[in-house]
Amino acid sequence: MDTKLVKVSDLRLGSVIAKDIIANTQFPIIYKNTKVTRDHLPVLKAFQISQVPVLTSSIELKKANKQEVATTSSEQRETIEEAYITSFERKYIDVVEKFKMEFLNWESGSKVDITKVRTNILPLIHDVLENREKIFILNEFSDSKNYIHHHSVAISLICAVIAQKMGYGKGDVIQIAIAGAVADCGMAKVGKKIREKNGPLTEYEFKEIQEHPYYSLQMVNSISILKSDMKIAVYQHHERLDGSGYPRGDKGNAISIYAHIIAVADVFHAMTCERVYRTKESPFKVLEMIRESEFGKFNIKVVQALSTCVADLALGTKVELSNGLEGSIVFTNKTTETRPVVKLDDSNDIIDLVKNRSIYIERLIL
């Protein structure tokens, strides 16, 4: 097909790239047959690409749409984003407080009111399904004192996103998310001193912690609106593929795929959060740890579904790196999602995190 070299300054949205655009990165910064969007323009500018080959036919198709909608000014955009995140955090904290009240009821012997749990958390689930990047900032809202309540809400939201990415229908996504929310309800039956102990657990205390999936199953087993597959997932969410988990040491195909989803969400949030015995970690570093050092324990399809959420981050997303510098994502490597190419704010230097393994994304700046 006919191609034409077009100056980046004259490039029209919707034009189709005719060849892979190569820069000083491990992979092309834009692949052949990609339709140009606004997100691609800062990438080309960052890598100082002055001209790109495009399919002539795609230019002709776009002539009728020459005038593009004016973009929101950066000042307006920052104001909108600030209000947006503040609104989400406020809703999230409110749900955590409501969940805390339910948990206190369970401690007192009350039954799990799954309808109330679902009603409280459903608006947040819908929110993160539309804005998946929010699962990478949940650890910033958590605190060690109320960790168990934050953790249950966060597991639910992360489960929803993973299930959606794996292609489950809306009904199953909600079921998996609700199962994630109550997976640790059995912790209400574990002594508070053990749950909140600031130090190593004794053998007895650790065995008591390992009983909580059984307690959780007892508490949700009679709930008719929770599918039996989800109840099994609640019971198995601490089992591991290699048989190193608990309460039964199940392994391989004996473990439900839904249990794997809850397991990955559970470990991901737990490892990123501040606890009484450790500081919080970068979600991106933790995701790499799950994928590499914990390989063989978790279903790889589930881990990959969570990883692809990083690839979904919009080009231009602001990040803080582990060396303290701030910048914007200008390119995402398809096979190493947690290590995109970042353009630094202060110097305009380009850092490819695939090549600079000692540096990683510390957090998103939303």
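Structure values in brief
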| item | result |
| --- | --- |
| Matching label, Cα extents along the principal axes in Å computed from the structure shown, candidates (i) 70, 41, 40; (ii) 110, 54, 46; (iii) 49, 47, 38 | (i) |
| Within-10-Å neighbourhood charge of Val220 [Cβ basis; K, R +1; D, E -1] | +2 |
| Surrounding net charge for Gly327, when Lys and Arg each add one and Asp and Glu each subtract one, Cβ distance under 11 Å | -3 |
| Spin-label model distance (nm) - Lys4 vs Ile225, 7 Å beyond Cα toward Cβ | 5.9 nm |
| The chain, accessible surface, carbon-and-sulfur percent (1.4 angstrom probe) | 49 percent |
| Neighbourhood charge, 11 Å Cβ-Cβ cut-off, centred on Ala46 and excluding it, Lys, Arg +1 and Asp, Glu -1 | +1 |
| Computed E for Ile232/Ser87 - FRET, C-beta separation, R0 51 angstrom, nearest 0.05 | 0.90 |
| Solvent-accessible area per residue for region 86-215 (1.4 angstrom probe, square angstrom) | 44 Å² |
| Fully extended contour minus Cα-Cα distance, from Glu326 to Lys280, at 0.36 nm per residue | 14.6 nm |
| Straight-distance crosslink candidates among lysines, where the alpha carbon sits under 18 Å from Lys91 and sequence neighbours closer than 8 are dropped | Lys100, Lys116, Lys134 |
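The values are calculated or read from the model by the stated rules, or taken from the named source; none is laboratory data. For clarity, every value in this text was computed on a predicted model and none was experimentally measured. Heads up, the Cβs are rebuilt from the backbone with ideal geometry, glycines too, and the neighbour counts pull from every protein chain shown. Areas reflect the complete protein model, heavy atoms only, side chains present, ligands, DNA and RNA absent. Shrake-Rupley method; radii C 1.70, N 1.55, O 1.52, S 1.80 Å.
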